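Asker: Provided herewith is a single structure, encoded as C-alpha cells, for subsequent inquiry.
The values are calculated or read from the model by the stated rules, or taken from the named source; none is laboratory data. All figures in this text were calculated on a predicted structure; none of them were measured in a lab. Here the Cβ positions follow ideal geometry from the backbone for every residue, glycine too, while neighbour counts run over all protein chains shown.
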Amino acid sequence: MVQLSFALIALTALSAFPHVVLAESHLDYIEHDRRQAGGCNFPNPPPASNVDRSRDGPIIVRAGQPFNGRGLRYGRGFKCNPRNEKGRDAAIFILEPNAVLENAVIGPDNQEGVHCRGPCTVRNVWFEDVCEDAVSIMQQSGVSTIIGGGARGASDKVIQHNGGGTVNIQGYCVQNFGALYRSCGNCGTQVARQVRISQVTAMNGRRLAGINSNYGDVATIDRPRAMSGVQSMCDTFRGNNVGREPDPLTQNEPNASCRF
C-alpha cells in the first residue's frame with residue numbers, strides 16, 4: 001500500500017467569485033475563505049447571525065437565482081442520527097437543476113445538508129459537523145461542481161452520488177472523514193458515475209473516493225494540495241442494486257477505475 005504523507009504546499013487562490021453584496025460584519029472572513037478555499041480555515045460566524053430553519057423547512061434554490069448565504073450559519077434544529085436517513089425533507093438546502101449555492105456555513109444541527117436534484121454548483125460552503133451526508137447528488141446526468149469550502153466530522157461520507165453523470169470537487173478541505181466521495185454502492189438504480197477530485201486538502205480519513213468498478217465508475221484524482229492521515233486515495237467496490245452492503249475489491253491501487 002502506498003504510504004500517504006503530509007506535504008503542505010503553498011496555497012493559491014481560486015478564481016474570484018461573481019460579485020455579490022455581503023453583510024459588512026461577515027465580509028472579512030468570506031473574503032479570507034475565498035482566497036484560502038483549499039485550506040482548512042473554517043469560518044465561525046457569530047451565533048447571533050444563525051438562521052434557524054427548524055420550522056420553515058428546506059430552502060429551495062432555483063436555477064438563475066443563485067443563493068448567497070452571506071457567510072451566515074444555517075441549521076434545521078435536528079439532532080444528528082446517521083442511522084435515520086430522512087431524505088431531502090430533512091435537508092437545509094434543496095437545489096433545483098442548475099442552481100447555485102454559495103457563501104454559507106452549515107451548522108451541526110441538521111440531518112442531510114444539501115440535496116442537488118440536478119446538476120448544481122456548491123461554492124464556498126462549509127459544513128461544521130457532517131451528519132448523514134454533506135451533499136447528496138441526485139442528477140440523472142450532467143456535471144455538478146463543488147468548489148472551495150469544506151467539511152469535517154463525516155463518519156461515513158461527505159459527498160454522496162446517487163444519480164448519474166459527473167461530480168467535480170475542486171479546492172476542497174476535508175477533515176476527520178470516512179470518504180470524501182462515495183458512489184452509491186447499493187441504490188436501486190445503478191449507472192456508471194464519474195468523479196474528478198483536484199487540489200484538495202485532506203486530513204484524517206479512510207479514503208478520498210469509493211467507487212463501484214463493476215458498474216463502470218471512474219475516479220480521477222489529481223495530486224492533493226496537502227494530505228495527512230488518509231489511508232487511501234481510491235477504493236473500488238462491487239456495488240449492487242438490492243440494498244446489500246457492497247463488497248470491497250481494491251484499496252489504494254491505481255487501476256482503470258481509480259486514476260491517480
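Asker: Out of Pro45, Pro108, I need the residue that is in a loop (DSSP other than H, G, I, E, B), in contact with a strand residue (DSSP E or B) (Cβ under 9 Å, 6 or more places away or on another chain) and within 28 Å of Arg196 (Cα to Cα). Which one? Before the answer, list the steps.
Answerer: Values: Pro45 fails: within 28 Å of Arg196 (Cα to Cα).
Exactly one residue qualifies, and that residue is Pro108.
Asker: For residues in the range 128-166 being among the hydroxyl-bearing types (Ser, Thr, Tyr) and either surrounded by fewer than 19 Cβ atoms within 10 Å (Cβ to Cβ) or modelled with pLDDT under 95 (or both), which is nearest to Ala192 (Cα to Cα)? Write out each step before concluding.
Answerer: So in the range 128-166, the residues among the hydroxyl-bearing types (Ser, Thr, Tyr) come out as 136, 141, 144-145, 155, 166.
Those left that are additionally either surrounded by fewer than 19 Cβ atoms within 10 Å (Cβ to Cβ) or modelled with pLDDT under 95 (or both): 141, 145, 155.
On the way: Ser141: 10, Thr145: 18, Ser155: 25 Å.
Only one residue fits best here, namely Ser141.
Asker: To continue, here is another question. Can you name every residue in the range 127-146 that is over 9 Å from the mean Cα position of the chain (by Cα) and not hydroxyl-bearing (Ser, Thr, Tyr)? Lay out the reasoning, then the answer.
Answerer: Looking only at the range 127-146, we keep the residues that are over 9 Å from the mean Cα position of the chain (by Cα), and these are 128-132, 137-145.
Selection gives Glu128, Asp129, Val130, Cys131, Glu132, Ile137, Met138, Gln139, Gln140, Gly142, Val143.
Asker: If I ask for residues that are within 21 Å of Gln251 (Cβ to Cβ) and part of a loop (DSSP other than H, G, I, E, B), which ones from the range 193-218 would you list? Step through it out loud before you land on a result.
Answerer: Just the residues of the range 193-218 that are within 21 Å of Gln251 (Cβ to Cβ), to begin with: 193-197, 200, 202-218.
Within the range 193-218, Arg193, Val200, Gly216, Asp217 qualify.
Asker: Also, quick follow-up: Give all pairs with beta carbons closer than 6 Å in which a residue from the range 132-149 that is over 12 Å from Asn162 (Cα atoms) meets a residue that is β-branched (Val, Ile, Thr) and in a strand (DSSP E or B); count only pairs at least 6 apart in sequence or on separate chains.
Answerer: What qualifies is Ala134/Val158; Val143/Thr166; Ser144/Ile137; Ser144/Val167; Thr145/Thr121; Ile146/Val122; Ile146/Ile169; Gly149/Val125.
Asker: For a quick check of your reading of the model, give me the residue pairs whose first member lies in the range 180-194 and is free of Cβ contacts under 8 Å to residues at least 40 places away in the same chain and farther than 14 Å from Asp217 by Cα, whose second is part of a loop (DSSP other than H, G, I, E, B) and among the hydroxyl-bearing types (Ser, Thr, Tyr), with beta-carbon atoms closer than 9 Å and at least 6 apart or on different chains.
Answerer: Leu180/Tyr172
Asker: Can you tell me which residue is surrounded by the most Cβ atoms within 10 Å (Cβ to Cβ) among those in the range 59-83 that are at pLDDT below 95 and in contact with a helix residue (DSSP H, G or I) (Cβ under 9 Å, 6 or more places away or on another chain)?
Answerer: Arg76
Asker: Taking only the range 225-260 into account, find how many residues are part of a loop (DSSP other than H, G, I, E, B), more than 19 Å from Gln160 (Cβ to Cβ), touching a strand residue (DSSP E or B) at 6+ places or on another chain (Cβ under 6 Å) and at pLDDT 95 or above. Even if it seems obvious, please write down each step before you answer.
Answerer: So the first thing to find is which residues in the range 225-260 are part of a loop (DSSP other than H, G, I, E, B), and the list is 225, 239-246, 252-257, 260.
Going one step further and asking which of them are more than 19 Å from Gln160 (Cβ to Cβ), we end up with 225, 252-256, 260.
If we keep only those that are touching a strand residue (DSSP E or B) at 6+ places or on another chain (Cβ under 6 Å) too, we end up with 225, 252, 260.
Right, trim to at pLDDT 95 or above and you get 252, 260.
So the answer is 2.
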